[in-house]
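Heads up, the thing below is written out as structure tokens.
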Amino acid sequence: MKNLSFPGLPRVLVIDDEDGVREGLRSMLQHEGLHVETAGTAEEGVRRIEQRGFDVVFLDLNLPGADGLSILGKLRRGTPSADVVVLTGYGTVANTVEAMRKGASDVIEKPFSSDRILAVVRRVLETRQLKNELCWLQDRVRELTATELVGLSPAIREVQTRIDQVAHAPDTTVLVTGQSGTGKELVARCIHERSSRRHGPFVAINCAALTEALLEAELFGYEPGAFTGASREGKDGLFAVAAGGTLFLDEIGEMEPTLQAKLLRVLQERTFRRVGGVQDVPADVRIVASTNRDLREMVQTGSFREDLFYRLNVMTVNVPPLRERAADIPLLSHFFLDLIGRQMGKALSGFTEEAMETLCEYTWPGNVRELRNAIEHACIVCPSGMIDEIHLPKFTGGSPDGSDQIDRTSVVLEGQDRSIRALESQLVAKVLDDTQWNISRAAAILGINRTTLYNKIRVYGLGKRPLRAKMGV
């Protein structure tokens, strides 16, 4: 049928015990460009639909062995399910209602005209085409969401600007730097998705996960019998697999020097050789490399080739740690909550103020990856409703390098009151001041929970915490 786009010809199955009806529908629908199969019994019809998928099924209600209504549910199994059009020689309201209740798309009384049949088929196929397009759009939205940097802070906006700049140069090599867990692979995927190479593959490999020999074989592929244990058919490497797209080399700083030299040749010549091969193969890929190490320092110590560093460092995108984009924590938290909540099928509506304060005050040494894991933990623990502080993992607070240690000087008692209550009041006040009123860290240092700390602040009249900039979500 014209103006309909399907992956292949639309498939139609006719289940009817009358030879004339089966052959008449076959001839009519094949003339319209549809693929048509027929079955004379209910059992044969069910068997055919179990073997392959169909778009439309014409089902007679009067069948030998089993009536059409009894098998209608079986005919609609599968994803996507077939649209069933019921054919009946004795149409009644009861039959029509029962057929529609069991999922029939339409009911046609015999004898029928070709115009009626073709109108129903066109309507059903147009509806299926719209559903297919909707599914494609939903998949595309999910892909774009999965490759979208979440955040509004100046630090992340600078990264987004950098990505947009390099996306317009689809062959330029990019070096993505940043701590572990900051989202370097996500940045690489964003570069790929926003470039003209987005229709090609995105292929990623962790250079630290394989030995030098295995990594070389994975990258360049190998000829049959190139080494002991090599496949007799040989193997394409990732440079070949990623042709027309992007090859992401994660943790490039872990690559051995001899393999660095071979990668340098690919970047210079835009060709490569399979292991054991003698022919140069074009390398139509964009290289995006990432590292959490200081490559300049590695160059100075001789552990990374200087010429390769300058080849990789054409365009650099530095992904900031989460503590430098703390304003994005509420937005990221809600993003992960929505994503993970839907995956788990839980109705989670948000975060309590205490939970969000805990998330915003923590230093996140594991960066965005640690935040996502914390939200996933909370989604598992929280049955429904809002995520509260008790649903979050037990954070230790502080930076691993000890840069946020508080002043450990003694507490000096003021005034004449020497009671334990006065000592505790001054101790709590000092810890709050030393931590700049970071409630989570202060509670951890004092060995109490946040609720108890809030109660002590109220009881001792310690005043309100310094005002912080808040971000609405």
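The values are calculated or read from the model by the stated rules, or taken from the named source; none is laboratory data. Since the structure is predicted, the reported quantities are computational estimates derived from the model, not experimental observations. No Cβ is skipped: glycine too gets one built from the backbone with ideal geometry, and neighbour counts run over all protein chains shown.
General remarks:
- For the range 82-124, the set of residues classified as farther than 21 Å from Val46 by Cβ, modelled with pLDDT under 85 and either part of a loop (DSSP other than H, G, I, E, B) or not assigned by TED's automatic domain parsing to the domain that holds Glu37 (or both) consists of Gly89, Tyr90, Gly91, Thr92, listed by residue number.
- When residues of the range 37-79 are limited to those that are within 39 Å of the chain's Cα centre (by Cα) and hydrophobic (A, V, I, L, M, F, W, C), the one surrounded by the fewest Cβ atoms within 10 Å (Cβ to Cβ): Val46
- Residues (over 18 Å from Glu98 (Cα atoms) and outside any helix (DSSP H, G or I)) located in the range 51-75: Arg52, Gly53, Phe54, Asp55, Val56, Pro64, Gly65
Yes/no per residue for (1) part of a helix (DSSP H, G or I); (2) touching an Asp or Glu at 6+ places or on another chain (Cβ under 8 Å):
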residue	(1), (2)
Val12	no, yes
Asp17	no, yes
Met28	yes, no
Val36	no, no
Glu44	yes, no
Ile49	yes, no
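- Selected residue [in the same structural domain as Gly276 (by TED's automatic domain parsing), part of a loop (DSSP other than H, G, I, E, B) and either buried (at least 21 other Cβ atoms within 10 Å of the Cβ) or not basic (Lys, Arg) (or both)] from Ala217, Ala209: Ala209
- Residue check, Thr301 farther than 30 Å from Ala230 by Cα, of a type outside the set (Lys, Arg) and not assigned by TED's automatic domain parsing to the domain that holds Ala169: no
- Qualifying position, being in a helix (DSSP H, G or I), surrounded by fewer than 21 Cβ atoms within 10 Å (Cβ to Cβ) and small (Gly, Ala, Ser), among Ala327, Ala378: Ala327
- With respect to (1) under 17 Å from Asp17 (Cα atoms); (2) surrounded by 16 or more Cβ atoms within 10 Å (Cβ to Cβ), the lone exception for Ala82 is condition (1).
- Residue match in the range 332-354 (condition: buried (at least 20 other Cβ atoms within 10 Å of the Cβ), more than 27 Å from Leu175 (Cα to Cα), in contact with a Gly (Cβ under 6 Å, 6 or more places away or on another chain) and not assigned by TED's automatic domain parsing to the domain that holds Cys190): yes
- Checking Thr96, Thr38, Thr88 one by one, the residue that is within 15 Å of Arg22 (Cβ to Cβ) and of a type in the set (Ser, Thr, Tyr) is Thr38 and no other.
- Residues that are among the polar types (S, T, N, Q) and over 13 Å from Gly461 (Cα atoms) within the range 417-437 comprise Ser419, Thr435, Gln436, listed in sequence order.
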